[in-house]
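Notes for the one structure printed next.
The values are calculated or read from the model by the stated rules, or taken from the named source; none is laboratory data. Predicted model, so just to flag it, every value in this text is computed and none were measured. Glycine gets a Cβ as well: all are built from the backbone with ideal geometry, and neighbour counts include every protein chain shown. Ligands, DNA and RNA are stripped out before the accessible areas are found, and what is left, the full protein with its side chains, is counted by its heavy atoms. Shrake-Rupley method; radii C 1.70, N 1.55, O 1.52, S 1.80 Å.
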Amino acid sequence: MTAPFLPFTRPSIDEETIAEVANVLRSGWITSGPKVQAFEAALSAYCGGRPVRAFSSGTATLEVALRLAKVGAGDTVITTPLTWVATANVILEVGATPLFVDIDPVTRNIDLDQLEAAITAETRAVIPVDLAGLPVDRDRLYAIAAKHKLRVIEDAAQSFGASWRGSPIGTTGDFVSFSFHANKNLTTGEGGALVLPADVDPALCERLRLQGVKRFPDGGMDVDVLGGKSNLTDIAAAIGLGQLKHLAEFTERRRALARRYFERLDTSLGLELPPADFENTNWHMFQPLLPDGIDRGAFVAAMKERGIGVGVHYPALHLFSLYRSLGWQAGDFPAAERVGARTITLPLFPAMSDVDIDRVCAAIADALPACRR
Ligand SMILES: *Cc1c(COP(=O)(O)O)cnc(C)c1O
């Protein structure tokens, strides 16, 4: 008997959640309604009472946050080239200019010294990304933002459940954006949420989420701003409410599994491991870097043959054709390029067993030596 295929991630949805989704489907109200309001209230409670609005994707929250921060043509926004491409695409989407700075090779998050050095008169905002759920240093980040009067839009798509000095991500800061895509630590299938700063009107955020429509008690309406269409459905919100009940347990299980990787991975293989942080990180992903001279494509294929899914998150995004066409090129951000070329994402999700981790470690020891270029 061969063991079943082990994907790099898989959502954990319980029967109670499935029953709640069925209830929504039977209720006659399946778009944004009472479940979305309840989900927003629960997210707000999690975020220490800050206003939170739910969206159809994390990408939409980032774009709306940029619009709420009044970032547009003529402005630059500083971010990292080592992230999911959504982080940079939204900057272009609102007509602003992305300004990338390289990563810190240890944390793999944006290098805050280089960030501060890159600030110009046109810089309006920064979008830090907590890659793999390892938080960017919030103390340093907000000191820089205050000094240079920059807005911060935290791309916390991967760090829901993580914390900074004991405070859950989302409870402090400026704009905080979460994604609930199927692969994230908490999922609604597709979805996202935006935590709003005190100087932003939540009603304006709601209008940007739904065609700019303002409704009056007498049934009348007006449109006073150009809004998109990125509201969440009650079907999705019901999944989110079910997921939230398990968040603490999911994060704890991910931490235990990550610890086991540190204990069981053969150090003689030359893998470069991520920072062993069990205080803050929610272990959204476990990402070693391959050693010199390994063909990553061959390694991913060899692991697949052994029944194990390995992901690549992410190649440095300035090397994608679109960004190259805008002027970026190989050599611009050597640290991000090095990580982007070597990174692998090993299976890590709450329903995994300890034995699964051992199976992954054994498969790596078996497969890696044969993948030398
Ligand atoms: C997933 C993700 C997003 C986008 O989220 P969607 O919900 O897929 O739109 C943005 N940034 C990062 C870093 C992500 O991982």
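DSSP beta bridges fully contained in the range 67-176 are about 20 percent antiparallel. Note on the chain: GNM, Cα springs under 10 Å; of A301, A156, A316, the largest mean-square fluctuation is that of A301. With the largest listed first and rounded to whole Å, the semi-axes of the equivalent ellipsoid of the chain from the Cα gyration tensor are 34, 27, 17. Need the list of lysines near K147 for cross-linking: C-alpha distance under 20 angstrom, and skip anything on the same chain fewer than eight residues off. Once the sequence-local lysines are set aside, what remains near K147 is K70. With contacts taken as Cα pairs under 8 Å and at least 6 residues apart, the range 15-244 reaches a relative contact order of 27 percent. For the chain, modelled as a GNM whose springs connect Cα atoms under 10 angstrom apart, the maximal fluctuation among L25, L194, L141 occurs at L25. The residue among A316, G240, V200 whose Cα reaches farthest toward the positive pole of the charge dipole of the chain, with charges on the beta-carbon of Lys, Arg, Asp and Glu, is G240.
Over the range 247-371, calculate the relative contact order: mean separation of alpha carbon pairs under 8 Å at least 6 apart, over the residue count, as a percent. Could you put the intermediate results ahead of the total?
Working: 138 pairs, mean separation 45.1, N = 125.
Rounded, it is 36 percent for the range 247-371.
Using the Cβ-Cβ distance between A41 and E122 with R0 = 35 Å, the FRET efficiency computed as 1/(1 + (r/R0)^6) comes to roughly 0.35.
Placing unit charges on the Cβ atoms of the charged side chains and taking the dipole of the range 231-373 about its Cα centre, the candidate lying farthest along the positive direction among P275, G327, V339 is G327.
Bridges between two residues of the chain, per DSSP, are antiparallel at a rate of about 55%. Of the residues I119, V94, A143, the one whose Cα sits farthest toward the positive end of the charge dipole of the chain, with +1 on the Cβ of Lys and Arg and -1 on the Cβ of Asp and Glu, is V94. For the range 172-275, place one equal point scatterer on every Cα, skip the solvent, and apply the Debye formula. What is log10 of I(q)/I(0) at q = 0.22 Å⁻¹? Debye curve over Cα of the range 172-275, log10 I(q)/I(0) at q = 0.22 Å⁻¹: -1.20.
Charging the Cβ of each Asp and Glu at -1 and of each Lys and Arg at +1, and nothing else, the dipole of the chain about its Cα centre rounds to 320 debye. Estimated purely from DSSP H runs of n ≥ 4, each contributing -39500 (n - 2.57), the mean residue ellipticity at 222 nm for the chain is -11000 deg cm²/dmol once divided by its residues.
Counting only heavy atoms of protein chains, what accessible area per residue, in Å², does the chain have with a probe of 1.4 Å? Show your work: numbers first, answer last.
On the way: 15890 Å² over 373 residues.
Solvent-accessible surface per residue comes out at 43 Å².
Only lysines eight or more places from K229 in sequence, or on another chain, were considered; those with a Cα closer than 17 Å are K214. When a 1.4 Å probe is rolled over the protein heavy atoms, the share of accessible surface on the chain that falls to carbon and sulfur comes to 55 percent.
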